[in-house]
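Here the structure comes first, spelled out in structure tokens, and everything after it is commentary.
The values are calculated or read from the model by the stated rules, or taken from the named source; none is laboratory data. Quick caveat, the model's predicted, so the values are computed rather than measured. Every residue, glycine as well, gets a Cβ built from its backbone with ideal geometry; the counts of neighbours run over all protein chains shown. Surface areas here come from the heavy atoms of the whole protein model, side chains and all, with no ligands, DNA or RNA. Shrake-Rupley method; radii C 1.70, N 1.55, O 1.52, S 1.80 Å.
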Amino acid sequence: MQINLITSNLGKVKEFKTYLEPDIGVNHTEHEYRELRSDDPEEIAKEAAKRLAEELKKTVVVEDSGIFIKALKDFPGTCSKYFHVRVGLKGILKLMENIDDREATYKSAVAYCEPGKEPISFLGEEAGQVSKEIKGSHGFGHDPIFIPEGSQKTYGETENCENLKKFRKNAVEKLKKFLLEEKQ
């Protein structure tokens, strides 16, 4: 069994392969696509998966994720990539200056869709804190400023952090369970 993962993020491809292979093969397709604007990552992922399944005429998997910072009213949330490209980690830390409440949640929504059918989504979440400085060079995205609950270190400081990240892993494991149980 194989999935067609549509993403331009090679870090996500690595994580999907870590969580799914060898049980489920991961075919990576880099294909630019527009995203729906919404505060709900599941809504974004489902809409993209439905559209891409029809456009590409094949079953696809799409993932949307972001860091939701409580003190910033869940910003950047589903705009995490857009915000990260424009102001980077330093921009987020600048916004967080003089803010004591550093609570954040990483969310990952994975959507699966077959052509002509409705998409199914799987949500994974992980609680943590935003660090006061950029730490480490492992992972990608917001990993150097996200400290997962129960840890003192950012994912950026953690070698092989893709093996520990719960938010995407939880979502992908729900997809895996669905594929292995429902699609057999």
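Considering only residues that are polar (S, T, N, Q) and farther than 14 Å from Val130 by Cβ, look in segment 154-168 and name the one that is surrounded by the fewest Cβ atoms within 10 Å (Cβ to Cβ).
The extreme case among them is Asn160.
Can you tell me how many residues within segment 91-149 are under 16 Å from Lys12 (Cβ atoms) and without any contact (Cβ under 8 Å) to a residue 40 or more places away in the chain?
Residues flagged as under 16 Å from Lys12 (Cβ atoms) and without any contact (Cβ under 8 Å) to a residue 40 or more places away in the chain within segment 91-149 amount to 2.
Would you tally the residues in segment 54-65 being touching a Lys or Arg at 6+ places or on another chain (Cβ under 8 Å) and either under 10 Å from Ala104 (Cβ atoms) or polar (S, T, N, Q) (or both)?
Selection size over segment 54-65: 1.
Tally time: how many residues in segment 151-184 are assigned to a helix (DSSP H, G or I) and in contact (Cβ under 8 Å) with a residue 40 or more places away in the chain?
Total meeting the criteria: 16.
So Ser151 fits all but one of (1) open to solvent by 20 Å² or more (accessible area, probe 1.4 Å); (2) among the small types (Gly, Ala, Ser); (3) under 18 Å from the mean Cα position of the chain (by Cα); what number is the exception?
Only one criterion in (1) open to solvent by 20 Å² or more (accessible area, probe 1.4 Å); (2) among the small types (Gly, Ala, Ser); (3) under 18 Å from the mean Cα position of the chain (by Cα) is unmet by Ser151, namely (3).
Working only within segment 133-148, note down all residues that are of a type in the set (D, E, K, R) and open to solvent by 40 Å² or more (accessible area, probe 1.4 Å).
Within segment 133-148, Glu133, Lys135 qualify.
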